[in-house]
Each structure stands twice: as C-alpha cells, then as structure tokens.
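Below: one structure, written as structure tokens.
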Amino acid sequence: LGTLEIQSINAVGLIAAWNHEHPEKAVHASDQIVGVNGKYITSHGATLLHETLRNEQALEITVARAYFMIRIDKSPGTKIGATFDEETLKIKSIDSNGLVADWNRQHPNTAVRVGDHIMEVNGRRAAERGAAALSSEMKQEQILRIGLAREAAIAAGSPPGNDVETYEVNVSKVSGQKLGLIFEIGTLEVSSVKGTGLIADWNFANPNSSVRPSDQIIEVNGRHMATHGADLLQNTIHREEHLKITLARAPTYTVLIQRAAGQKLGLRFDPISLKVSSVDSAGPVGIWNSQYMDRVVQDGDRIIEVNNKHVMDHGPQQLGEEMRKETVLRITLSRRVLGPEQNRGYTVPPSTQSLHRRMTG
C-alpha cells in the first residue's frame, strides 16, 4: 500500500475493460498510481490516495509507466556512453556522445535518465542472474536489449525536459544529537531547519549542498519514496543512526512588489512555515501574477527571502514583519519539486463509463 505499485490486473474488471478500449494507455503490472482525483502521492501520500480509490465513485487515476526497454547496437568504434553502479545497476551518468544519448534523442518517450535501474539485459534478469552477470553481458554482446525501471513518482513529478536536481546529506546520530530538521509528514517536504542540530552542522560544513525549506526528501539509506513510501522513510530517519539522505532541490523565483502605504499584499501565508495558502487576484501579488506568467505565485509555494533577509538567517517572524511594513518588496519563493502541478503520468478520465464505484481498491 505504501507505493501503490500495481501488482496484477484481473482479467475481468474495470481496468481490464479500460485496457481493451484504450490499448495505447493500457495499465500494466509494475506501473504506479501517482494521482487520484487531483490528489498526488508526492503531495498527499499513498494512504489518502488508497482511501480515495476505495471511497469515491468517479475516479480520475494518473499512472506513471515504470518499466521500459531500449535496444543498443554496439558497432565497432562505438560506446554505450553510460556509467552505472556495479552493485545496484543504477545509472550514474550519460555521455552526450554515446549510444544511450543517441537512443534518447531518437526515442524521447523512452529516454534513459540518471537514476534509472537496469533490470534485465537480453532476457537475463538481475533478480535471477545478479548484477555482475548483467554487467558482463553488456560488455561482451554487441546487440543489447536492456530493460530499465524508473522510480515512478520521480518520473511523474519531473517537468518535461528538465532533470530534478538532487544532492546527498550524510549524518550520524551516534552521539545522540538531534537532526534539527522539520519536514511534513506524508510528503517529506522540508519545512524548516533548526539553528542547532546535525543538519545545521551539515549546512555550515557543506554550503553547496545545504538543506533548505521546500527541498524534499526522496531517499533514505537506499530506500526510495516511490518504491518504499513516505512512512518507511520517516521510520528510517527516526530509527537508524547513520543516515544517507537524498533530497530534491526546490527551484526558486523572485517577485518584485510595489504598493501604496497601508495597502494589503493580497497574500495569505502560514506565519511559521511561510507557505502560501491563497492569493487575492485583485491585490498587488495577484496583479503581479497577471503580468508575469513565468513567475506566478501559487498556493503551496514557500517564502524564503524578503528584501535580502533569508528565513534561515532571520526567521519567519522577521520576514512576516518585513512584508507587513515595507512598500517595496523583493520576495523570493521556493516551489516543491515533486507536486501535482508537474505531474506527467497518463490519466484515465472520470467521464469514461468503466470508471465508477464498482472498482475495488
């Protein structure tokens, strides 16, 4: 239940009927449900999606394709042009001049990405033969049919044409010191970093990979959010002493607001997390949104800096005060990487006759 990965499809049922009517969008085993009726696994969690599947009659289900095949011909003088971890077979890098890059240019819908896992080569599966056998096969054979799997939530949450920027944090709780990290349950989005703690120490020592609000925890000690679920990652963070945490970096953008003295911004936000809850279309921020479509302030975005005062240096209270009293505001906001606004899965629409309450969860 934690990942909503599809294990099997009954021969008789609503999904089987959908597959028959829409073969180009057929649901397969190993695909992953990433959204149901506007709720997404990365923003609402798997439990809520599962409840929605069981309780609501009309269902609009977004599914991310998790498994795909590529064919590589290693003619003399060519190279695969990709490196991978010898133990996990996870793709580490892709050379822009190699055969994999050529495949990506010719087949954008099944392009290989950094982070994909090699699952089989020429019919030999890693689960049965082991990673070493597959690695040997790729070195020896000229024609390679390679099956790869992708963490579906990442695939569904990545904006087209852009790779999610990730970074690693390594900390140890052996001394009993606290992480000093506050994150949202269910989404693992970072709300704030305390002034003292292991994460604060990490940030000081590693400024280029410092943890910031709106960044999102996607993997802990080899367990990925898409394959193991948020609950297991949270338990790992709480229970294990040595933590290798991978986070997705939240992109930022800046808005410039000028208003009359005493005029309200038309922006509601939480005073502690500084997360935006609503924007008044008639207020200064709403007017900005209508004029600058590439930097629209949205619900769920988080205020991280106001007039060169960063929340990690000055705290949310001072930023809130700055926005209340100043007439000229330079506001920088961040947006969580994995969220419903960036979903890329395919959708089974609710208007389809075959999708009503008869579907079982």
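Observations on the structure shown:
- Summing charges over all other residues whose Cβ lies under 12 Å from the Cβ of LYS178, with Lys and Arg as +1 and Asp and Glu as -1, gives +1.
- Share of carbon and sulfur in the accessible heavy-atom surface of the chain [1.4 Å probe, %]: 48
- Where labels lie 7 Å past Cα in the beta-carbon direction, separation of GLN318 and VAL114 in nm: 3.5
- Rolling a 1.4 Å probe over the heavy atoms of the protein chains gives the chain an accessible area of 52 Å² per residue.
The values are calculated or read from the model by the stated rules, or taken from the named source; none is laboratory data. All figures in this text were calculated on a predicted structure; none of them were measured in a lab. Note: ideal-geometry Cβ built from the backbone for every residue, glycine included; neighbour counts use all protein chains shown. The area values use the complete protein model at the heavy-atom level, side chains included, leaving out ligands, DNA and RNA. Shrake-Rupley method; radii C 1.70, N 1.55, O 1.52, S 1.80 Å.
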